[in-house]
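Following: one structure in structure tokens, then a few remarks.
The values are calculated or read from the model by the stated rules, or taken from the named source; none is laboratory data. These numbers come from a predicted model, not from an experiment. Here the Cβ positions follow ideal geometry from the backbone for every residue, glycine too, while neighbour counts run over all protein chains shown. Accessible surface areas use protein heavy atoms only, side chains included; no ligands, DNA or RNA. Shrake-Rupley method; radii C 1.70, N 1.55, O 1.52, S 1.80 Å.
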Amino acid sequence: MAVVSSGTAYASDNPIADKEWALTKLQNGEIHSQFNARGAGVTVAVIDSGVDPNQPDLQGSLLPGINLVNPENPGADTSDDNNESHGTSIATIIAAHAHESNGNQYGMVGLADQAKILPIKTGTGSNGGSNPATDAAIRYATDHGARVINISYGTNGQCPQDVVDSIDYALSHNVVVVAATGNTAISGNQVGCPAPVPGVIDVSAIAQNGQMDQYSHYGSDVTVAAPGVGIEIGLIGGKYGENNGSSLAAPWVAAEAALIIGLHPTWTQGQVVSAIIDNTAQAASGQTQHGKRFDDHIGYGVIDPVAALGAAEPASTTNPLGGPAVVSTAGSSTAPSANSTAAGPGSGNQTPTASSSKKSSSLGLVVGIIVVVVVVGGIVLFFVSRSRRGGGK
């Protein structure tokens, strides 16, 4: 399966960025020239092995995060100590911006290079972290301003209910959740958690020649495909390298979501998801209908950010992949206003929380009780008055 849109070659005097073939495939130049879309004002949570705070291409892009390796005793150190620089590589694909070196630009360029990264550390090994850590991380990201969550790890088998509940919590609070589909195609092709949870964008990997990564999981749960073979990445200690897998495909989709939200900040997460799956390279070429699955390897198709950014606002605000409805207050959307900006904990761009909804419901209940009491009291007084005029008790 070949990627239909090849784009203009991404060329510069930056030898690291010139290795990022995905920027050419995803038409990064057109994204900037046509839409000036860079993910500005959007927070993307990277739930992973942490992020190296000294990575030169992420300076100014990292928000204060949290270490949930031990959810019962969270910490502040979100440094990446994974031997593959796993979390750092994910963050650089999303939001890296090359730094100056000897008067020239040098380093990684992310697809959404003006987005902010919220690092949430849940593990140090290849499995990313325990289910309790993942559960806590998703809720933390949701409560601290993330509009997009990237999870590039998983565990085989069905998701425990607490992880499903935390994903539902994120989705109901207007957060786009993106996950890697897993690299199990030649070892049983097991489905991994949390990718197949309803509402989650489940991402498989393709190579530069458009062929599927032979290791990338395939099945009815796959949503879209993105570059994931021979991917240039930023490593711990300011170094650079190359790696493969669906882990590296997911952040391109998370970055695409950040671009769309930056351009359309009032869209719901369901509308963002619709824009992504309805405007793939396959849909644009007529190989499949908009919003229709192509096959079990690439799902709805290979992502096409330019097409998604140029698409009209989806009519439906619900997530076509399922999941709960977005929590809303009467007469208003849960999406942030156009004036919202990315910030860390305590920022003002967070969507309504479950507690605020409960408060509104409680207020309505109290008002209702007061009305009932007044009406009943009036009726009682009326009959008492009549009884007294008639000589009764």
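Summarise the accessible area of the stretch 169-237 (1.4 Å probe, protein heavy atoms) by the percent that is carbon and sulfur. If you can, show how the numbers build up before the last one.
Working: 1000 of 1890 Å².
The nonpolar share, carbon plus sulfur, comes to 53 percent.
Per residue, how much space in cubic angstrom lies within the convex hull of the C-alpha atoms of the stretch 165-305?
On the way: hull volume 17.2 nm³, N = 141.
In the stretch 165-305, the Cα convex hull volume per residue is 122 Å³.
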Taking θ = phi - 60°, what integer Hz values does the Karplus form 6.51 cos²θ - 1.76 cosθ + 1.60 yield along the stretch 53-59, in sequence order, with x for Gly and Pro? x, 9, 4, x, 8, 10, 5
Lys and Arg at +1, Asp and Glu at -1: neighbours of Val148 with Cβ under 13 Å from its Cβ sum to +1
Compute the distance from the alpha-carbon center of the stretch 237-266 to that of the stretch 81-99, in whole Å. 10 Å
Using a 1.4 Å probe on the protein heavy atoms, what percent of the accessible area of the stretch 86-140 belongs to carbon and sulfur? 41 percent
Would you tally the net charge around Gly65, using a Cβ to Cβ cut-off of less than 15 Å, leaving Gly65 out, and scoring K and R as +1, D and E as -1? -3
Tally Lys/Arg at +1 and Asp/Glu at -1 over every other residue whose Cβ is under 10 Å from the Cβ of Gly219; what's the total? -3
Mind checking the full-extension length gain between Asp81 and Gln59? Use 0.36 nm per residue of separation minus the Cα-Cα distance, one decimal, nm. 6.1 nm
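If each residue of separation counts as 0.36 nm, what is the full-extension length gain between Gln289 and Asn189 once their alpha-carbon separation is subtracted?
33.3 nm
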Counting heavy atoms of the protein chains only and a 1.4 Å probe, report the per residue accessible area for the stretch 236-279 as a whole number of Å². 23 Å²
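When a/c reaches 1.5 or more, the comparison of a/b and b/c decides; with that in mind, is the stretch 243-295 rounded, prolate or oblate per its Cα gyration tensor? Display every interim value, and only then the final one.
Numbers: a/c = 2.31, a/b = 1.06, b/c = 2.18.
Cα axes put the stretch 243-295 in the oblate bin.
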Send over a whole-number figure in Å² for the accessible area per residue of the stretch 34-143, probe 1.4 Å. 37 Å²
Dipole magnitude of the stretch 87-236, debye to nearest 20 (Cβ charges: Lys/Arg +1, Asp/Glu -1, about Cα centre): 140 debye
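Seen from all sides and averaged, what is the projected area of the convex hull of the Cα atoms in the stretch 206-277, in nm²?
Numbers: hull surface 24.8 nm².
Approximately 6.2 nm², given one-decimal rounding.
What FRET efficiency would be calculated for the residue pair Asn70, Ser220, taking the C-beta separation as r and a Förster radius of 45 Å, to the nearest 0.05? Could you put the intermediate results ahead of the total?
On the way: r = 36 Å, r/R0 = 0.79.
My answer for the efficiency is 0.80.
Nothing charged except the Cβ atoms of Lys and Arg (+1) and of Asp and Glu (-1): what's the magnitude of the dipole of the stretch 60-138 about its Cα centre? Round to the nearest 20 debye.
Details: 2 positive and 8 negative charges, 30 e Å.
Charge dipole of the stretch 60-138: 140 debye, to the nearest 20.
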